[in-house]
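Quick one: structure below, then a few questions.
The values are calculated or read from the model by the stated rules, or taken from the named source; none is laboratory data. As the structure is a computational prediction, the values presented were derived from the model and not from experiment. Note: ideal-geometry Cβ built from the backbone for every residue, glycine included; neighbour counts use all protein chains shown. To get the accessible areas, we keep the full protein, side chains included, count just its heavy atoms, and leave off ligands, DNA and RNA. Shrake-Rupley method; radii C 1.70, N 1.55, O 1.52, S 1.80 Å.
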Amino acid sequence: MSIGIAVAVLQIAIVGLGAPLLVGTLRTLKARLVGRRGPSPWQPYADLRKLLAKEAVVSTTTSWVFRATPYALVATLLTTALIVPVMTVRPPLAFAGNIILLVYLFMLGTFFLALAGLDAGSAFGGMGSSREVAIAALAEPTVIVAVFALALRANSIDLGRIVERFGGEPWLANPAHLLAFAALFIVMLAETGRLPVDNPATHLELTMIHEAMVLEYSGRYLALVEWASAMKLFVFMTLLANLFVPWGLAEPTGPTTALMGVLALAAKLAVLTTAVALLETAVAKLRLFRVPELLAGSFALAFLSLMAVFVVR
């Protein structure tokens, strides 16, 4: 029980404290790739500290939903940190760590954020909420189908057992892995508001999606929303890293295995972060009516991965 508690605390610390560093590193890499010096990788920590010290201004037209949403976002993302295999094959909530619960938690955060965008009564908030829900409705089924392709081969929907099953298997041994990885990578870009679906660095009224929902937030509420957004990116990248390339993870038997898991995760996240930075510097934002076509393509890849499982069998 003491090992389980230690793993739970460590996984929450890795996701909670490592998420701002991941976002900061991604921004720095993008700046260097286009020839700019860019901000420091530690800049998100300074931004969060500054926002936490500021007073939160809340409109008189809002209800309790607007105030509760930042805490709901952080709570759902920290819960996913206990479900997803981060540094060991057996996460702290392994008994509930299946893909269905994970998708429900993602959708719960999206639901609260969409309600908060509508609750402020802003035209931009309503526009962003409608776009976010439309994207989520197209993206979440892809997550389930892509991971179910792995679950069929592992004979389990438990995320820890899937990682344990494919721990010693070569990554390129099965085409279903490649197709599911490509599908989930596209969904990660859409769910976290990255290019080419959304641009987190702009506030253009006609193009923004995530930023439109959080325009009314300030102070500590905005800090919590930004922190939750960074953790969502971290969790999605961790899923990509550990589900499809589950090397370096083992049972939580002691500090050595935990350290090896953390180092393996850091190496895999470094590769994924570089890939995302290269992609975002090479592509432009898609027009809004092109986004469903991209997500439909990701669902097709996930479905093909599911069919490939039966063909290879």
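Once fully extended, how much extra length lies between A296 and I5, figured as 0.36 nm per residue of separation less the alpha-carbon to alpha-carbon distance?
Net length gain for the segment: 100.7 nm.
Tell me, what % of the accessible area of the chain is carbon and sulfur with a 1.4 angstrom probe? It would help to have the intermediate numbers written out before the result.
Details: 9810 of 13950 Å².
Carbon and sulfur atoms account for 70 percent of the accessible area of the chain.
Further question on the same structure: Whole-Å semi-axes of the chain's equivalent ellipsoid, largest first, each the root of 5 times a Cα gyration tensor eigenvalue?
Working from the Cα gyration tensor, I get semi-axes of 30, 23, 19 Å.
Which order do the peptides 153-163, 76-86, 34-44 take when ranked by the mean count of other beta-carbon atoms within 10 Å per residue, highest first?
In descending order of packing, they fall as 76-86, 153-163, 34-44.
Just subtract the alpha-carbon distance of F289 and T274 from 0.36 nm times their residue separation and send over the number in nm, one decimal.
Separation in residues times 0.36 nm, less the Cα-Cα distance, equals 2.6 nm.
Something else now. Between T60 and L101, 0.36 nm times their residue separation minus their Cα-Cα distance comes to what?
Roughly 11.2 nm would be gained on extension.
Just from its helices, what would the mean residue ellipticity at 222 nm be for the chain, if runs of 4 or more DSSP H residues each count -39500 (n - 2.57) and the sum is divided by every residue, rounded to the nearest 500 deg cm²/dmol?
Calculated mean residue ellipticity at 222 nm is -24000 deg cm²/dmol.
Now for a different question. How much accessible area per residue does the chain have, counting only protein heavy atoms and a probe of 1.4 Å, in square angstrom?
With the other protein chains kept in place, the chain gives 45 Å² per residue.
Relative contact order for the chain using alpha-carbon pairs under 8 Å, separation at least 6, rounded to a whole percent?
29
Which order do E191, E55 take by accessible area at a 1.4 Å probe, largest first?
Result, largest first: E55, E191.
Turning to a different aspect of this structure: Of A250, F236, L288, which is farthest on the positive side of the dipole of the range 226-293, counting Cα position, with +1 on Lys and Arg Cβ, -1 on Asp and Glu Cβ, and the Cα centre as origin?
About the Cα centre, the residue reaching furthest to the positive side is L288.
Would you please give the FRET efficiency between I144 and S218, computed as 1/(1 + (r/R0)^6) with r the Cβ-Cβ distance and R0 = 45 Å, to the nearest 0.05? Please report the intermediate quantities before stating the final value.
Values: r = 36 Å, r/R0 = 0.79.
That gives a FRET efficiency of 0.80.
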